[in-house]
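Inspection log for the structure reproduced underneath, given as structure tokens.
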Amino acid sequence: MDLFPIYLKLEGRRILIVGGGNVGLEKITSLSTSGARLRVVAPVAIEAVRQLADAGKLTWEARAFADEDVLDADLVIAATDQPAVNRAVFLAASRRHVLCNSADDPPNCDFYFPSIVRRGKLQIAISTAGESPALAQQLRREIDAALPADMGATLDALGQLRRDVISAYPPGEERKRLLHALAQRPVCEAEECPARLQAFPAGQTREQEVLP
């Protein structure tokens, strides 16, 4: 069975994390910029998790997991060091058709956390479907070393240029070809940027060109 890669918008979504140790903290950290509402259920939590709770970054309920905890969750993560607890979390989520990830336990996972290379809004996710997280991490390091450090800024500039082109050019093959061509060129925010001049010769917009 092949995995289906997908990027989720999690802002405002409710994510239950069962476990307040280092594994739970790892998942919390990976979700910290998603805008999701994080809820931790664990009898005890490490200092870093408690500090995040004190700062209002998440809610922590200092108790053992109960099946009912998954009722108001959009995603569930089992992150304890007790396989039996993680299995119970997965089964409770499955009964209620809520997707669940069990850390380092592929049979009890509906989805996996990939290794990610980030440059601003650019994300490259790598998954081995749980076969070898170590290989995914090695590939992440190799891609990270090969990817230019300013790729995030380049993507921001390209995104703005794309929006300008879409506003100025009517839908069609010409616009499509131009957008693909611009993605092959260095892009910057300056007006004299070669890519911008290619899209808008002499600094003109498409509308300006057709005006009498």
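The values are calculated or read from the model by the stated rules, or taken from the named source; none is laboratory data. Because the structure is a prediction, the values reported are computed rather than measured. Note that each Cβ is placed from the backbone with ideal geometry, even for glycine, and that neighbours are counted across all protein chains shown. The area values use the complete protein model at the heavy-atom level, side chains included, leaving out ligands, DNA and RNA. Shrake-Rupley method; radii C 1.70, N 1.55, O 1.52, S 1.80 Å.
Principal-axis analysis of the Cα atoms of the chain puts helix 151-168 at an angle of about 60° to the longest axis.
Run the accessible area of the chain with a 1.4 Å probe and give the carbon-and-sulfur part as a rounded percent.
55
Hey, in the GNM for the chain with a 10 angstrom Cα cutoff, which one of CYS109, CYS193, CYS100 fluctuates hardest? Of CYS109, CYS193, CYS100, the Gaussian network model singles out CYS193 as fluctuating most.
Using a Cα-Cα cut-off of under 19 Å, which lysines could be cross-linked to LYS27, ignoring same-chain neighbours fewer than 8 residues away? Answer for LYS27, where 19 Å is the Cα cut-off: LYS9, LYS57, listed by chain and number. When both segment 2-19 and segment 107-139 are represented by their alpha-carbon centers, they are found 14 Å apart. Remark: the chain carries 62 Å² of accessible area per residue (probe radius 1.4 Å; ligands, DNA and RNA excluded).
Working ranking of peptides 2-13, 129-140, 23-34 by packing, defined as the average number of other Cβ atoms within 10 Å per residue, highest first, is 23-34, 129-140, 2-13.
With a sphere of radius 11 Å drawn around the Cβ of VAL23, what net charge do the other residues whose Cβ falls strictly inside it have (Lys, Arg +1; Asp, Glu -1)? Counting the neighbours of VAL23, the net charge comes to -3. With q set to 0.08, 0.09 Å⁻¹, the log10 of I(q)/I(0) for the chain, from the Debye formula over equal scatterers at the Cα positions, is -0.43, -0.52.
If R0 is 25 Å, what FRET efficiency do you get for GLU26 and ALA66 from their C-beta distance, rounded to 0.05?
Approximately 0.60, to the nearest 0.05.
Taking the C-alpha atoms only, the angle from helix 173-182 to the longest principal axis of the chain is near 70 degrees. Taking the Cβ of GLN137 as the center, what net charge do the other residues with Cβ under 14 Å away carry, scoring Lys and Arg +1 and Asp and Glu -1? It works out to a net charge of -3. P(r) tail, segment 12-101: Cα-Cα pairs separated by more than 15 Å, 51% of all pairs.
The calculated 222 nm mean residue ellipticity attributable to helices in the chain amounts to -12000 deg cm²/dmol, summing -39500 (n - 2.57) over DSSP H runs of n ≥ 4 and dividing by all residues. When segment 4-101 is described by a simple charge dipole with +1 on each Lys and Arg Cβ and -1 on each Asp and Glu Cβ, the residue from GLN51, VAL40, LEU71 located farthest towards its positive end is LEU71. Can you tell me the orientation of helix 133-146 relative to the chain, as the angle in degrees between its alpha-carbon axis and the longest Cα principal axis, to the nearest 10? Tilt of helix 133-146: around 30 degrees.
Each listed q (0.17, 0.19, 0.21 Å⁻¹) maps to a log10 I(q)/I(0) for segment 63-155, found by the Debye formula over equal Cα scatterers with no solvent: -0.78, -0.86, -0.94.
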